[in-house]
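To start, the structure itself, in C-alpha cells.
The values are calculated or read from the model by the stated rules, or taken from the named source; none is laboratory data. Everything numeric in this text was worked out from a predicted model, so none of it was measured. Heads up, the Cβs are rebuilt from the backbone with ideal geometry, glycines too, and the neighbour counts pull from every protein chain shown.
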Amino acid sequence: MKIINLIVTLIITSTISCAQDKNPKNKENTYKIIVSDLNIPWAFTFLPDASLLITEKSGELILFKNGKKTNITGLPEIYLRGQGGLLDVILHPNFKDNNWVYFSYASSDDGDSGGNTTIARAKLKENKLMDLKVLYKATPDTSKGQHFGSRLAFDDAGYLYFSIGDRGNRDVNPQDITKDGGKIYRINDDGSIPDDNPFVNNDQAKTAIYSYGHRNPQGMTIHPKTRKIWTHEHGPKGGDEINIIDAGKNYGWPIISYGFNYIGTKFTDITKKEGMEQPIHYWDPSIAPSGMAFINSNKYGNWNGNLLVGSLKFQYLDMCTIKDNEVVKEERLLDGLGRVRSIEQGPDGYIYVGIENFGIVKLIKE
C-alpha cells in the first residue's frame, strides 16, 4: 500500500511539475486600462486618428473613440462555434486613401455543414462596412470547433498573408497542398493570387498557399529589421512554436513535433526530418500562444527589439529576448491579469494588449 501511495504521489508531483511555467516574472512593468469591459478582444488595430477598431469573437466589430464604444454595422454573418467567430482585423497599408479594412472570421456556406475560416475586406465609412468582398474562403466546411487560425499581416510589397489552422484534421490537411488548413497563405490585396506564389504552377494545389505543415497559427507579425514574416502556433501538449516563414517550405506538422497528445501519448517519434523546417523556438510546457508583436520603439529602453507573445494558458505577456534568431531569455509581463489574446504597438510607440474578460491595456515600463 505504501508503494502504491508513493507511486501516486510521484505521478501527481510529476504532473504538477510539468504543468508549471518556467518563465520568471519581470517586476518592472505595470499597465493602464484603455478599453474596459471586453470579453474576448480577439484583435484590434489603430485607425489613423488613433482610435481603435476591435473585434469581439462573439461577432461584434467595435470602434473605440474618445472613450466611447460604437458598434460598426455591415458585418457578414459570423459562424460561431468553438474557437471560430470574428477573428483578426487589420487596415490596408494605404487605408488613408482607400478605407479598406481586412478581417478574418468563420463563415458557413449553407448553415448545416459547419464553417471554415474566411478572409474579407470592406470599406469603413461612417461606422459602417460597405462594398464587402470575400477574398478567400477555406473549404470544406466542418462542424469541428477547433483550429481556425487566424492572423493577418501585410508585407512591404503589399501582399496579404493569413493563417488557417488544420481544423482538427491533422492527419490530412497540413501536409496536403491540395487542401485548405494548416497553412500560411499569400494573396494580393484584391484577393487575386500573386504570380510568384510557390505552388502557382501546380494544377492540383491551392495556389494561395505560401507555406504548409502548420497546426494552428494565432500569431503573425513582420520583423522590424529583416521584414520577414514571423508566426507562432499552438502545439498540442507542449510543442508550441515560433517560425520564420519562407515560401514553399514545410514546417512539419504533424510528422515532426516537440509535443504529445493531450492524454500524454505520442503521435510521432521524431522532432526533425530532412525537408522540414525547425522552429526557432518551442515551448514545453505549452503556453497556448496568441497575439504577437515586436517592440520597435524607444518607449521601452533596452526592451526595444524584443518579441512579445500572449499566453492564454498561463495568463501573461511573454517577453522574448531575441539574438541571432534565437530566444535567449523569456520573462513574464502583466502576470495574472487574464488570458492574453492580442498585442499591437500603437502609433505612439507604446504596446497595447487585449486581455480576455478584462479589456485593452497599455504596457508601461517602470
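General remarks:
Condition check ((1) modelled with pLDDT of 95 or more; (2) under 18 Å from PRO48 (Cα atoms); (3) touching a Pro at 6+ places or on another chain (Cβ under 6 Å)) across all residues:
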position	(1), (2), (3)
LYS65	yes, yes, no
THR73	yes, no, no
LEU80	yes, no, no
LEU86	yes, no, no
SER104	yes, no, no
SER113	no, no, no
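- Any pair with Cβ under 7 angstrom, 6 or more apart, that starts in the stretch 154-170 at a residue that is assigned to a loop (DSSP other than H, G, I, E, B) and ends at one that is surrounded by 17 or more Cβ atoms within 10 Å (Cβ to Cβ) and of a type in the set (Gly, Ala, Ser): GLY165/GLY149; GLY165/GLY181; GLY165/GLY182; ASP166/GLY181; ASP166/GLY182; ARG167/GLY181; ASN169/GLY181
- Subset of the stretch 178-227 (residues that are aliphatic (A, V, I, L, M), in a loop (DSSP other than H, G, I, E, B) and either at pLDDT below 95 or closer than 29 Å to ASN99 by Cα (or both)): ILE193, ALA208
- Test result for LYS133, in contact (Cβ under 8 Å) with a residue 12 or more places away in the chain, surrounded by fewer than 20 Cβ atoms within 10 Å (Cβ to Cβ), touching a Gly at 6+ places or on another chain (Cβ under 6 Å) and over 16 Å from ASN173 (Cβ atoms): no
- Candidate set: the stretch 54-88, residues that are under 21 Å from the mean Cα position of the chain (by Cα) and closer than 18 Å to GLY346 by Cβ; chosen: the one surrounded by the fewest Cβ atoms within 10 Å (Cβ to Cβ): ILE62
- Count - residues of the stretch 81-91 that are under 23 Å from VAL35 (Cβ atoms) and either in contact with a helix residue (DSSP H, G or I) (Cβ under 9 Å, 6 or more places away or on another chain) or not in a loop (DSSP other than H, G, I, E, B) (or both): 6
- Among the residues of the stretch 256-269, those identified as crowded, with 18+ Cβ neighbours inside 10 Å and either among the aliphatic types (A, V, I, L, M) or out of contact with any Lys or Arg (no Cβ under 7 Å at 6 or more places or on another chain) (or both) are ILE256, SER257, TYR258.
- Qualifying strands (runs of 3 or more DSSP E) (wholly inside the stretch 20-80; at least 2 residues being within 21 Å of THR117 (Cβ to Cβ)): 41-46, 52-56, 60-65
- Qualifying positions in the stretch 182-207 - in contact with a strand residue (DSSP E or B) (Cβ under 7 Å, 6 or more places away or on another chain) and farther than 19 Å from ILE90 by Cα: GLY182, LYS183, ILE193, PRO194, ASN197, PRO198, PHE199
- So ILE287, is it among the hydrophobic types (A, V, I, L, M, F, W, C), at pLDDT 95 or above, outside any strand (DSSP E or B) and within 27 Å of LEU52 (Cβ to Cβ): yes
- Number of the exception - TYR105 against (1) touching a Phe, Trp or Tyr at 6+ places or on another chain (Cβ under 8 Å); (2) within 18 Å of VAL361 (Cα to Cα): (2)
- Selection within the stretch 327-366 - out of contact with any strand residue (DSSP E or B) (no Cβ under 6 Å at 6 or more places or on another chain) and either within 10 Å of ILE40 (Cα to Cα) or surrounded by 18 or more Cβ atoms within 10 Å (Cβ to Cβ) (or both): ARG339, ASN357, PHE358
- Subset of the stretch 319-359 that is among the acidic types (Asp, Glu) and over 18 Å from ARG227 (Cα atoms) - its residue that is farthest from the chain's Cα centre (by Cα): ASP348
- Qualifying positions in the stretch 294-326 - of a type in the set (Val, Ile, Thr), free of Cβ contacts under 8 Å to residues at least 40 places away in the same chain and either buried (at least 23 other Cβ atoms within 10 Å of the Cβ) or farther than 16 Å from ILE222 by Cβ (or both): THR321
- Residue in the stretch 240-255 that is under 30 Å from VAL353 (Cα atoms), in contact with an Asp or Glu (Cβ under 6 Å, 6 or more places away or on another chain) and part of a loop (DSSP other than H, G, I, E, B) present: yes
- Any hit, the stretch 199-216, residues being under 17 Å from ILE244 (Cβ atoms) and among the polar types (S, T, N, Q): yes
- Looking across ILE343, ILE322, ILE360, one residue alone is closer than 20 Å to ALA153 by Cα and not in a helix (DSSP H, G or I). It is ILE343.
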